[in-house]
Amino acid sequence: MSCVHWVHLPQDRDWRRAVVDTAMNRMYEVRSESFKTAPIKTRTLISGVMPSLTLFGRKWLVASDDLVFPGIFEFVFRFIWLILLSLACARYFPHTWFCSEGGVFVRVYMIGVLTILACNIVLLVPLVNRSAQGAILDTAARRVVAPILTVKY
């Protein structure tokens, strides 16, 4: 004895969509049932949204963990720049005392640029260090990245 099951299909032309929607609803119900027993951390990880960096009252399309390699590149670039400017200051700073006009401005400029570069390098070290901490969704480990960026800029 064979058993035949008839499936009632809607009368409209798009009956395939109804079958697919029904299948998707069943899949969603199964997934939601499995999520009810899952721990909160797993649920956050599966449906987690990439955290954005909030700086100056705006959400930026960059996360706080994306600053490691740009920070290392900037550190190397600024360190080379600091060395070259230090060599230029060591060579030309004594000559500014003999200038009849504008020697003070050149000395202030040289010392100011060296100071700004040194401060940037000092701020880049903790920025790269803190930006490399934690997992992607673990923003608590990188909570000091935004204040460091605020001080830097």
Qualifying residue in region 76-99 (condition: open to solvent by 50 Å² or more (accessible area, probe 1.4 Å), not β-branched (Val, Ile, Thr) and not in a helix (DSSP H, G or I)): yes
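Rundown of residues vs (1) in contact (Cβ under 8 Å) with a residue 60 or more places away in the chain; (2) open to solvent by less than 70 Å² (accessible area, probe 1.4 Å); (3) hydrophobic (A, V, I, L, M, F, W, C); (4) more than 17 Å from residue 69 (Cβ to Cβ), yes/no style:
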| position | (1), (2), (3), (4) |
| --- | --- |
| 113 | no, yes, yes, yes |
| 128 | yes, yes, yes, no |
| 132 | yes, yes, yes, no |
| 137 | yes, no, yes, yes |
| 142 | yes, yes, no, no |
| 146 | yes, yes, yes, yes |
| 151 | no, no, yes, yes |
Residue check, residue 108 of a type in the set (Val, Ile, Thr), open to solvent by 70 Å² or more (accessible area, probe 1.4 Å) and free of Cβ contacts under 8 Å to residues at least 12 places away in the same chain: yes
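The values are calculated or read from the model by the stated rules, or taken from the named source; none is laboratory data. These numbers were taken from a predicted model, which means no experiment stands behind them. Positions of Cβ are backbone-derived with ideal geometry, glycine not excepted, and every protein chain shown enters the neighbour counts. Surface accessibility is based on the protein's heavy atoms, side chains included, excluding ligands, DNA and RNA. Shrake-Rupley method; radii C 1.70, N 1.55, O 1.52, S 1.80 Å.
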